[in-house]
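K.L.:
Below: one structure in structure tokens.
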Amino acid sequence: MCSVQDIEDDFSVRKTKSDESMRKCMKCEEQACVIIRVNDAFCRSCFLQHCTHKFRSSFGKSKVIRDGEKVLLAFSGGNGSSAMLHLVQQGLSKEAQKKLRFKPGLIFIDEGSVLGLSTEQRRKDHRYVLEIMRETGYPYHVTCLEKVMGLGQTSESPLVGTSTTSTSTELTYDNVESDLQKLSISNTAGERLKDMLESAKSMTAKEDLIRRLRCDLLAAVARETGFSKVMLGDSSTRLSVQLLADIAQGRGAQTHLEMGFADDRYGDIIFVRPLREFTSKEVAMYNKLNNVEATVLPRLATKDW
């Protein structure tokens, strides 16, 4: 009969055999620094090549994005969107062997209205995101989630509060502050959005409502600014959580569109998810190894209710 001592001895042996410090890269046999799964150990170089190949192969398999097409990157400053932006920058750099052929732009959506944040706090939180977008040299746009309340109404007010096509990467305190001042924040639309959000009873319903309003606004901004594709930074981990929530709410029939690489439900605007085969761990390790900084802005789920 087994004793407690035998079980402890057996556990210690198994732990020694799976010691991560002794693992070798599955491709080049060098010292591994990343273990994605049990049998998938990579050194730094092979892991970055693995991520780059997986990112670019998603475009090659789908053939959704054509040469010279304008693609709008949804950027929030988080891990997923930061990794996506870095991969796009690497693919468009002069050192890239096979350069990406689309023309990127950036969009940031302020969601402070659903949290009840003051205008000053919202601008303070977004300064870091604006600095990153300016440093890329890509055209970038800034808007507020409450702008979605005006969709379908006759109005001459643009959806984007900041829009620039400047190729200059010079960054100063004054030009960032100028961008923040242009951020149009409507108290009336914000109150309407909060009232709509309060009608949702559960946290899952609230998050789902915000996600769908965000997609509606992204599609509208893409049309207004001349983009035909919108790129999202959703990882497989996030999509898995979303899948379970959708099935629980009886929307299993839309799974192939919610989880697939391309979502064409908006007609002329197609949403693409190039990170859908990345786990959240892979995204975090990619950012760590490339020194890509990410920020976590306040969200509905982190609000103190």
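K.L.:
Roughly how big is segment 210-267's charge dipole about its Cα centre, with Cβ charges of +1 (Lys, Arg) and -1 (Asp, Glu), in debye to the nearest 20? Each step should come with its number before you reach the end.
P.N.:
Working: 8 positive and 7 negative charges, 20 e Å.
Around 100 debye, computed over segment 210-267.
K.L.:
Which value in nm describes the separation of the simple spin-label points at A245 and S62, placed 7 Å from the Cα toward the beta carbon?
P.N.:
2.0
K.L.:
I'd like to compare 248-261, 76-89: which one has the highest average count of other Cβ atoms within 10 Å, and what's the full order after that? Walk me through the numbers before you get to the answer.
P.N.:
Details: 248-261: 12.4, 76-89: 21.6.
Highest mean packing first, the order is 76-89, 248-261.
K.L.:
Give, in nm to one decimal, the length gained when the segment between L257 and T188 is fully stretched (0.36 nm per residue of separation minus the Cα-Cα distance). Intermediate results must be reported in sequence, preceding the final value.
P.N.:
Values: separation 69, 0.36 × 69 = 24.84 nm, distance 3.36 nm.
Computed gain between L257 and T188 is 21.5 nm.
K.L.:
How many Å³ per residue does the convex hull of the Cα positions in segment 196-238 occupy? Don't skip to the end; give the middle numbers.
P.N.:
On the way: hull volume 3.0 nm³, N = 43.
Hull volume over Cα atoms, normalised by residue count, gives 69 Å³.
K.L.:
Now for a different question. Taking segment 91-136, which GluC sites (Glu not before Pro) meet the DSSP loop condition and have no more than 12 other C-beta atoms within 10 Å? Intermediate values should be presented prior to the final figure.
P.N.:
Values: sites: E95, E111, E120, E131, E135; in loops: E95, E111.
When the GluC sites (Glu not before Pro) of segment 91-136 are filtered for loop state and at most 12 Cβ neighbours within 10 Å, E95 remain.
K.L.:
Return the FRET efficiency for the residue pair S93, L289: r is the Cβ-Cβ distance, R0 is 22 Å, and the value is rounded to the nearest 0.05. List each step's numbers first, then the result.
P.N.:
Details: r = 17 Å, r/R0 = 0.77.
Approximately 0.85, to the nearest 0.05.
K.L.:
With respect to the cross-link table entries K61/K229; K54/K103; K27/K288; K103/K124; K54/K98; K61/K281, which display a Cα-Cα separation exceeding 18 Å? Provide the component values of the computation, followed by the final result.
P.N.:
Values: K61/K229 16 Å; K54/K103 20 Å; K27/K288 21 Å; K103/K124 30 Å; K54/K98 14 Å; K61/K281 24 Å.
As for pairs spanning more than 18 Å Cα to Cα, those are K54/K103; K27/K288; K103/K124; K61/K281.
Bear in mind these aren't lab numbers, they're just calculated from the coordinates by the rules spelled out. Computed from a predicted model, the values in this text were never measured in an experiment. So basically every Cβ, Gly included, is an ideal-geometry build from the backbone, and we count neighbours across all protein chains shown.
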